Amino acid sequence: MVSLLRNYTMKKHSPNPPDNSRNDARLQAAANRAIDHYLRSESPQPAPEPPATLFSVTPRADTQTLLVNASETLNSAREMASTLAFDLDGSQRSLLLAIHQLVEMGGLLVDRAIEQVA
C-alpha cells in the first residue's frame, strides 16, 4: 500500500505559485518603512516652545514707575496723533483727533494716579 501512495500524483487545477523568496526581503523592507513612517517617530517630539514675548514689564517695578512710564507712552501717542492729524483732511482727520482726545484723557487719569501715589 505504501508503494501505491508513492506513485500517486495529485493533479492540480492551478500552477505552483512563483518563488518569492527574493521578493520577500523587499516586501518586508517596504512594510517596515511604512510602519516606521506612520507609527514610529524618528525623534522624540520636541517640547512646545514658549510664546515669544515681545514686551514685558518687570514684576519688581513699583507702581509710581509704572505710572510714569505709562504717562510718557501716552504723551508720545498724543504727539504722534496730533502731528498726523494736521496732515489729514475730512473724516480721517476727525477720527485721528478723536483718538488724540482719548489718549489725552487716559494721560490725565494716569497723571492723577501718579499724584495720588507720590
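Would you check if Leu67 is under 20 Å from Met105 (Cα atoms), hydrophobic (A, V, I, L, M, F, W, C), in contact with a Leu (Cβ under 9 Å, 6 or more places away or on another chain) and modelled with pLDDT of 90 or more? So Leu67 fails the test. When Asn20 is evaluated against the numbered criteria (1) surrounded by 10 or more Cβ atoms within 10 Å (Cβ to Cβ); (2) out of contact with any Gly (no Cβ under 6 Å at 6 or more places or on another chain); (3) at pLDDT 90 or above; (4) not hydroxyl-bearing (Ser, Thr, Tyr), which criterion, by number, is the only one it fails? Of the numbered conditions (1) surrounded by 10 or more Cβ atoms within 10 Å (Cβ to Cβ); (2) out of contact with any Gly (no Cβ under 6 Å at 6 or more places or on another chain); (3) at pLDDT 90 or above; (4) not hydroxyl-bearing (Ser, Thr, Tyr), the odd one out for Asn20 is (3). Residues considered: Ala81, Ala47. Of these, the only one that is part of a helix (DSSP H, G or I) and among the small types (Gly, Ala, Ser) is Ala81. Scanning the range 68-103 for residues that are in contact with a helix residue (DSSP H, G or I) (Cβ under 7 Å, 6 or more places away or on another chain) and either hydroxyl-bearing (Ser, Thr, Tyr) or more than 23 Å from Val57 (Cα to Cα) (or both) turns up Ser71, Ala81, Ser82, Leu84, Ala85, Leu88, Arg93, Leu96, Leu97, Ile99, His100. Looking across the range 23-44 at every residue that is of a type outside the set (Ser, Thr, Tyr) and not in a helix (DSSP H, G or I), the one that is modelled with the highest pLDDT is identified as Leu39.
The values are calculated or read from the model by the stated rules, or taken from the named source; none is laboratory data. Fair warning: this is a prediction, and the values are worked out from it, not measured in the lab. Every residue, glycine as well, gets a Cβ built from its backbone with ideal geometry; the counts of neighbours run over all protein chains shown.
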